[in-house]
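Read the structure below first, then the notes.
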Amino acid sequence: MTAQTLIDTAQALVAGDKGLLAMDESNATCNKRFAALNIPQTESARRDWRELIVTAPGLADSISGAILFDETIRQTTNAGKPFAKALADAGIIPGIKVDMGAKPLAGHPGETVTEGLDGLRERLSEYVGMGARFAKWRGVIAIGDGLPTRACIDVNAHALARYAALCQEAGVVPIVEPEVLMDGGHSLARCAEVTEEVLREVFVQLNAQGVLLEGMLLKPNMVLPGQGSQTQDSVDAVADATVTRLLRTVPAAVPGVAFLSGGQSAQLASARLNAMNVKFKSRMPWALTFSFSRAVQQPALDLWKGQAANVAEAQKALVFRTGCNKAARGGRYDA
Ligand code: 13P
């Protein structure tokens, strides 16, 4: 596999003002969202939901790639077509979440390390056979009293870099996702400081492992005040803090930065992405786009409620939100 293949895939994922669709919720996370709406927590309901997404008319106008979960990449549409093939046929690049989840970090209460490196080379090879051309791994950093610790940042950055190197060896573009959580009462300034420290270490580790920066994408959090903070800063303040920290830490060789939504409302996530692209477009060396799950799926899930009769309406809501985020990437979103 040549470096050029990685570069071409990474470029294709950020082409044309489009973004990525994260639909890689683990069964536990998907079930939690279903339970809140009284949707049955079964494999067949999860398949129905993913079919609704993958077959949504017009999705490919605003989505370049979709991240699947292990269960989903093994499932098919009602017509019997594997989801990865259905996406590819629609012009959407199939991707796969390959981490095995954030597990408690020994000796560090309240912190986690993401596992899944053992056997990853073999799993990547199987996913490539199923059509995956890019992958995702999420490291999780919590802010709290005395948190994050340096140990937590180091192990998660190291794991992200080892994952990314294994992906590139397999010809798969790694999406490197270090998520600083918005849980807690911390300030925007504290999130900015932690995000910068985390990103700095992530790129130190990526370089140490020889990861080709041109053949990867970064999926960070936006710099936000904690959800429980009394002060909820303006859209412009979030845009300024986020882009300032990204400019300090993300090398220009990286083709794209695609945000996670992290629990923001759909409208705020779009408005903040829009503000960043309006104010800083000419200063940013990378594409600044989206890789949202909740901020694009939740309005559609609320409409679907597990009912076949609601599929068309839910698909419209999904494609409306992905279209809003495409507009935000171009600085044309009007809330
Ligand atoms: P959210 O947009 O819901 O944060 O999900 C993105 C994601 O892929 C988390 O790993």
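Listing for the model above:
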| item | result |
| --- | --- |
| Matching residues, segment 157-182, being open to solvent by 10 Å² or more (accessible area, probe 1.4 Å) and part of a helix (DSSP H, G or I) | H158, R162, A165, L166, Q168, E169 |
| Pair list, Cβ < 7 Å and 6+ apart or interchain, from segment 113-135 residues that are farther than 22 Å from L20 by Cα to residues that are in a helix (DSSP H, G or I) and open to solvent by 10 Å² or more (accessible area, probe 1.4 Å) | V113/V155; L117/R162; L120/L166; R121/L166 |
| Of all residues making up segment 104-156, the number that are crowded, with 16+ Cβ neighbours inside 10 Å and under 18 Å from the mean Cα position of the chain (by Cα) | 15 |
| Candidate set from segment 280-313 (those that are surrounded by fewer than 18 Cβ atoms within 10 Å (Cβ to Cβ) and under 18 Å from G256 (Cβ atoms)); member that is nearest to the ligand (Cβ to nearest atom) | M284 |
| Failed item in (1) modelled with pLDDT of 95 or more; (2) away from the ligand (no atom under 16 Å from the Cβ), with D24 passing the rest | (2) |
| Answer residue from segment 65-103, given it is part of a strand (DSSP E or B) and open to solvent by 10 Å² or more (accessible area, probe 1.4 Å) and is nearest to the ligand (Cβ to nearest atom) among those | K97 |
| The listed residue being in contact with a Ser or Thr (Cβ under 6 Å, 6 or more places away or on another chain) and acidic (D, E), out of D17, D61, D99 | D99 |
| Flag for G331 being open to solvent by 10 Å² or more (accessible area, probe 1.4 Å), more than 16 Å from the ligand (Cβ to nearest atom) and in contact with a Pro (Cβ under 8 Å, 6 or more places away or on another chain) | no |
| Unique residue being over 30 Å from R133 (Cβ atoms) and either in contact with a helix residue (DSSP H, G or I) (Cβ under 6 Å, 6 or more places away or on another chain) or buried (at least 23 other Cβ atoms within 10 Å of the Cβ) (or both) when the list is A275, A253 | A275 |
| Lone unmet requirement of (1) open to solvent by less than 20 Å² (accessible area, probe 1.4 Å); (2) within 15 Å of the ligand (Cβ to nearest atom); (3) in a helix (DSSP H, G or I) for L268 | (1) |
| Residues (surrounded by 17 or more Cβ atoms within 10 Å (Cβ to Cβ) and outside any strand (DSSP E or B)) located in segment 12-30 | A12, L13, V14, D17, K18, M23, D24, E25, C30 |
| Residue list for segment 45-88, filter: in contact (Cβ under 8 Å) with a residue 60 or more places away in the chain and more than 26 Å from L217 (Cα to Cα) | A45, D48, W49, L52, P57 |
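The values are calculated or read from the model by the stated rules, or taken from the named source; none is laboratory data. Since the structure is predicted, the reported quantities are computational estimates derived from the model, not experimental observations. Cβ coordinates were reconstructed from backbone atoms using ideal geometry, including for glycine residues, and neighbour counts include every protein chain displayed. The protein model used for the area step is the full one, side chains on, heavy atoms only, and it has no ligands, DNA or RNA in it. Shrake-Rupley method; radii C 1.70, N 1.55, O 1.52, S 1.80 Å.
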